[in-house]
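Scroll down for the structure; my scribbles are underneath it.
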Amino acid sequence: MSLVIFLVTLGAALSTGVPVAFALILCAVTMGITLDMFDPQIISQRLIVGANNFSLLAIPFFLLAGELMNAGGMSRRIIAFAMSLVGHLRGGLGVVAIFAAIILASLSGSAAADTAALISILLPMMRAAGHDEARSVGLMASGGIIAPIIPPSIAYIIFGVATNLSISQLFMAGIVPGAMMGIGALIAWMIVVRHDKVEPLPRQSWATRLRTFREALWALGLPVIILGGIRFGVVTPTEAAVIAAVYALFVGLVVYRELKPSQLFEVFRSAATTTAVVMLLAAAALATSWFISIADLSGIVLGLVEPLVDTPTLLLLAIMLVILVVGTMLDMGPSILILAPVLLPVVEEAGIDPVYFGVIFVINTAIGLVTPPVGIVLSVSAGVSGVPMHRVARGNMPFLAMQVLVLLLLVIFPQLVLAPMEWLR
């Protein structure tokens, strides 16, 4: 009964346009009434406890770091460095987009910000070279969703907080799958672009490549500092987020000097606005999770899927299908906060590594960012490029199909995640 009430309340609230955070609070209220333990004081306390989490401090600092990187010229220099290396290849601008997307992903972890940066810089060049604009935007949207998969990732922070898993282990486990997603998009691009009549960029001299490398070196050093510090236990993910923000501020103001003091208010305001949305959502979801635990919804779900517990691969495929469907209607954060606490005990009962599950869960929700009808990254891509959303969605189809194939490979062959994860641990 509790599961039905939860699903009906959530579905009814979302279908009538209630914001996700308030829909989750409404779920907490209805479940409290159903369990005969409703008290406004309990809801208030759980909201405060949900937001009062040290690990969640990483979110505002990583968001601020991403804003500072874009405003301070770090993103532009990374793209210029990638262009000097591979821009001369056939379809080289698409290769640049994926190469730059992987590097940018290791800096900010924001799919929307990375996609916007790629499109604003590369799309005019791809249009001038003769590439189909919808397909080009679709490629960069697929490159953008690598950001939540490769650490540092806000998605892993939310997943870790929602499930009490190690965020550091999630970070380390996401490196190889994120690279595989990029390689998948690159293979799809090389297939669809082979018949395009485009003029590649001239090959750059080694002097030019060295110059762009030197200019991008400050930006390229940041992922080494973040991941190296976390991997060797020097800093926690939250401390790494603070270092990233301070580093990006220093580089933008002092080294590159593209970030002006007059821009700081707008940069901080933008990061604060996004943080407020994410933190309210996290507080509401964690309040609801408390009632989910009391109602033992995980046990109810486990009873429903019990026939699949002895076949972990089939169980994972079924769960991934559910998450993929939910991801077409909800953003990444709500999907993680609503589903992860319910599903994690189920997969643990089946003997599936919880960190591995966290990685493929995040990959699945990242794919939802470029899947209609919601598709947040599709909306950002359409807005920045001026290409209608339905055309962007159609242009993205080959890359979406390849990334779904990568997800299936990771489900069928878990050692693709587990083996490098154990080595990086």
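Bear in mind that the values in this text are calculations on the coordinates, not laboratory data. Computed from a predicted model, the values in this text were never measured in an experiment. Quick reminder, even Gly has a Cβ in these numbers, built from the backbone with ideal geometry, and neighbours come from all protein chains shown.
Mind giving me the FRET efficiency for Leu89 and Ala419? R0 is 41 Å, r the Cβ-Cβ distance, nearest 0.05 is fine.
0.85
In whole Hz, with x marking every Gly and Pro, tabulate ³J(HN,Hα) for the range 149-156 from phi via Karplus 6.51 cos²θ - 1.76 cosθ + 1.60, θ = phi - 60°.
Couplings: 9, 7, x, x, 10, 5, 4, 5 Hz.
Among 75-82, 45-52, how do they line up by average Cβ neighbours within 10 Å per residue, starting with the highest?
Per-residue Cβ counts within 10 Å, averaged per peptide and sorted highest first, yield 75-82, 45-52.
In percent, what relative contact order does the range 2-424 have, based on Cα pairs under 8 Å that are 6 or more apart in sequence?
Rounded, it is 26 percent for the range 2-424.
Taking Cα centroids, how far is the range 335-384 from the range 35-73 in Å?
19 Å
Hey, what angle do you get for helix 332-349 against the long axis of the chain, alpha-carbon based, 0 to 90 degrees rounded to 10?
Tilt of helix 332-349: around 60 degrees.
Using a Gaussian network model on the chain with a 10 Å cutoff between Cα atoms, which of Ser262, Ser106, Ser379 fluctuates the most?
Answer for the Gaussian network model of the chain: Ser262.
Over the chain, with a Gaussian network built from C-alpha contacts below 10 Å, which listed residue (Leu222, Leu316, Leu264) shows the highest mean-square fluctuation?
Leu264
Per residue of the range 353-359, what does 6.51 cos²θ - 1.76 cosθ + 1.60 with θ = phi - 60° give for ³J(HN,Hα)? Whole Hz please, x for Gly and Pro, Karplus curve as stated.
Coupling constants for the range 353-359: 4, x, 5, 4, 4, x, 5 Hz.
Kindly write out, for the range 199-211 in residue order, the coupling ³J(HN,Hα) from the Karplus curve 6.51 cos²θ - 1.76 cosθ + 1.60 (θ = phi - 60°), rounded to whole Hz, with x marking Gly and Pro.
Residue by residue, the range 199-211 yields 9, x, 5, x, 5, 7, 6, 5, 5, 5, 4, 5, 5 Hz.
Once the Cα atoms of helix 415-424 and of the chain are each reduced to a long axis, what angle between those two axes, in degrees from 0 to 90 to the nearest 10, is obtained?
80 degrees
With only Lys, Arg, Asp and Glu charged, each at its Cβ (+1 for the first two, -1 for the last two), find how big the charge dipole of the range 2-424 is about the Cα centre; round to the nearest 20 debye.
1760 debye
Using per-residue counts of other Cβ atoms within 10 Å, averaged over each peptide, order 323-331, 139-147, 282-290, 20-28 from highest down.
139-147, 282-290, 20-28, 323-331
What spacing in nm lies between the two simple spin-label points modelled at Ser55 and Val325, each 7 Å away from Cα in the Cβ direction?
Placing both labels 7 Å along Cα→Cβ, they lie 2.9 nm apart.
Report the Stokes-Einstein translational diffusion coefficient (µm² s⁻¹, integer) for the range 2-424, Rh taken as the Kirkwood radius over Cα pairs, at 4 °C with viscosity 1.567 mPa s.
The Stokes-Einstein estimate is 59 µm²/s.
When the gyration tensor of the range 58-115 is built from Cα positions, what are the square roots of 5 times its three eigenvalues, in whole Å, from largest to smallest?
Those come to 24, 11, 7 Å.
With everything on Cα atoms, drop me the angle between helix 312-327 and the longest principal axis of the chain, reported from 0 to 90° to the nearest 10.
Taking the Cα atoms of the chain, the angle to 312-327 is about 80 degrees.
Using just the helices of the chain, give the 222 nm mean residue ellipticity in deg cm²/dmol: DSSP H runs with n ≥ 4 each add -39,500 (n - 2.57), and the total is spread over all residues, rounded to 500.
-25000 deg cm²/dmol
Using the beta-carbon distance between Lys197 and Ala401 and R0 = 30 Å, what value does 1/(1 + (r/R0)^6) give for FRET efficiency, to the nearest 0.05?
Efficiency for this residue pair is about 0.80.
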